[in-house]
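Just so you know, all these numbers are worked out from the coordinates, no wet-lab data involved. Since this is a predicted model, take the numbers as computed values, not measurements. Cβ: placed from backbone, ideal geometry, glycine included. Neighbour counts: every protein chain shown.
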Amino acid sequence: VQLQASGGGLVQPGGSLRLSCAASGSIFRINVMAWYRQAPGKPRELVAAITSGGRTNYTDSVKGRFTISRDNAKNTVYLQMNSLKPEDTAVYYCKVTNILYQDYWGQGTQVTVSS
């Protein structure tokens, strides 16, 4: 099983980035796909999640700015990040959970918001 995250980078405040994470290998029936982030010296936190039925959940600090979506045919989850702020700077990780409650993590992609 492999989760390949991409799309991170350096962006100015107010800018946008789109993260992608493609899952491959033998993952039995993916249920929830999610993005987490971890800033230096802070614990990893849930940013957004989406179920197989399309129900979404966001942490309060990103509501109205970030949008999570998924392509079930491609086992891929996306995170569109708009109006980025310096406090969004972190390593972003994708995670998928199957119907057996098994978790698989991606390797992380760095997002830096700075002028």
Exercise for review: Among the residues of segment 9-28, write down those that are farther than 13 Å from residue 109 by Cβ and in a strand (DSSP E or B).
Suggested key: 23, 24
Point to revise | Residues of segment 84-115 satisfying the condition of being among the basic types (Lys, Arg) and closer than 25 Å to residue 25 by Cβ | key: 95
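Please determine whether any residue of segment 95-113 is basic (Lys, Arg) and more than 14 Å from the chain's Cα centre (by Cα).
no
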Check your understanding: For segment 41-60, which residues satisfy the criterion of being basic (Lys, Arg) and out of contact with any Phe, Trp or Tyr (no Cβ under 8 Å at 6 or more places or on another chain)?
Key -> 42, 55
